[in-house]
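Participant: Here it is, the structure, as structure tokens.
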Amino acid sequence: MIQFANSDLHGKNDPAFFRKAPLLPDEDSRSVGDESELLDAYSNSVIKAVDRVGPAVVHLQVESSAGGQGGSGSGFLLTPDGFVATNSHVIHGASKIRVRLSDGSSTEAELVGDDPFTDVAVLRIRGNGYSHAGFADSGKLKVGQLVIAIGNPYGFESTVTAGVVSALGRTLRSRTGRLIDNVIQTDAALNPGNSGGPLVDSLGRIVGINTAIILPAQGICFAVGSSTAEYVITRLITHGSVKRGYLGIGGQNQTIPSATRSMNRLRQESGVLVQSVESGSPADLSGIRNGDLVIHLSDREILGVDDLHKILDESSIGRKLTVRLIRDSSLRTFFVEPRELK
């Protein structure tokens, strides 16, 4: 079962007691010295990343417009003038949103824009000079790379977990029922309340927005990649919404086999593998089918799902676009006319 890591107002911690481990025979005469000297490279990387991003992480308290119980989640400041990123499912349907900053102060936020198709939303709080965090390119992530999740699970502020990138290019179904493409899978533990918090690399740069966990599985957590999130956030801030062209395919990033590249004299190394085609969709009507590997759309290289998203903006709606793809190891050309995504 997939559970989005949103609110739980009734979580509580049991007290824990710790006992000092006995010293080894030669430790009683050893100088302890500066604790920082005892930290290994892994610990230093996590600490530096948290020091850099932690002040930008905020706690969100949400009241429901439906009159029911509200919830809580996480977010992070993107700019010094108060723009905050979070998940759409954290704030969707809210009548009131309060933001608690890392210094303990609290203020009310207004909704700037909400995009449930990617589970990304933007809020704004009044003021200026806020600590904020910057994005890195999630397209450069590698499986096995260290990542750190920061958030407020169960309302406990500034909680940090660390792990690695378990897989890239995953597809996750959002609460609207639509698929979110190019999702990052990580084993950095998430809990209810982590939703909307940042997933960062060892340099403290944001590579994703934490969004969901799978229960009862252990160590299977997901984040919307920063490349997708940054694109959506820019348009939410500018226009308040995101209009998109719609092809009607589900796909994932795929490396082009070297033999196929050589046969077709291709330089690019990857494209988007079509895994599903919706009946009656523009892609279906154009002749695109499962197993096709899309490499160009509108004369632009398609290296991954993010490239498709960038091309399928408002300007693509109703235009006839050229699609180049690989089918049965050979290049094929089709024409597709995207519709507006509803």
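The values are calculated or read from the model by the stated rules, or taken from the named source; none is laboratory data. Just so you know, these numbers come straight off a predicted model, no measurement behind them. All Cβ positions, even for glycine, are placed from backbone atoms using ideal geometry, and neighbour counts span all protein chains on display. Ligands, DNA and RNA are stripped out before the accessible areas are found, and what is left, the full protein with its side chains, is counted by its heavy atoms. Shrake-Rupley method; radii C 1.70, N 1.55, O 1.52, S 1.80 Å.
Participant: Can you put His296, His132 in order of accessible area, largest first, using a 1.4 Å probe?
Facilitator: His132, His296
Participant: While we're looking at this one, here's another question. Viscosity 1.306 mPa s, temperature 10 °C: give me the Stokes-Einstein translational D for the stretch 223-342 in µm²/s, with Rh taken as the Kirkwood radius over C-alpha pairs.
Facilitator: Diffusion coefficient, whole number: 108 µm²/s.
Participant: For the stretch 232-297, I need the span (max minus min coordinate) of the C-alpha atoms along each principal axis, in Å, sorted largest to smallest.
Facilitator: 45, 29, 15
Participant: In Å and whole numbers, how far do the C-alpha atoms of the stretch 259-322 stretch along each principal axis, longest first?
Facilitator: Sorted from largest, the Cα extents of the stretch 259-322 read 34, 24, 18 Å.
Participant: What is the P(r) of the stretch 40-242, as percent of Cα-Cα pairs per 10 Å bin from 0?
Facilitator: Pairs per bin, as whole percents: 10, 40, 38, 11, 1.
Participant: Would you mind pulling out the separation of the Cα centroids of the stretch 288-342 and the stretch 251-286, in Å?
Facilitator: Here the answer is 9 Å between Cα centres.
Participant: Take the alpha carbon gyration tensor of the stretch 172-287, find the square roots of its eigenvalues, order them as a ≥ b ≥ c, and report rounded if a/c is under 1.5; if not, report prolate when a/b exceeds b/c, else oblate.
Facilitator: Since a/c reaches 1.5 and a/b is larger than b/c, the shape of the stretch 172-287 is classed as prolate.
Participant: While we're here: Would you work out the relative contact order for the stretch 40-242, in percent, from Cα pairs under 8 angstrom that are 6 or more residues apart?
Facilitator: Answer for the stretch 40-242 is 23 percent.
Participant: Measure up Lys48/Lys142; Lys243/Lys320; Lys48/Lys243; Lys96/Lys142; Lys142/Lys310 against 28 Å on the Cα-Cα distance and list the ones that go over.
Facilitator: Pairs exceeding 28 Å: Lys48/Lys243; Lys96/Lys142.
Participant: Treat each spin label as a single point 7 Å out from the Cα along the C-beta direction, and report the Glu108 to Arg173 distance in nm.
Facilitator: Each label point lies 7 Å from its Cα, and together they span 3.8 nm.
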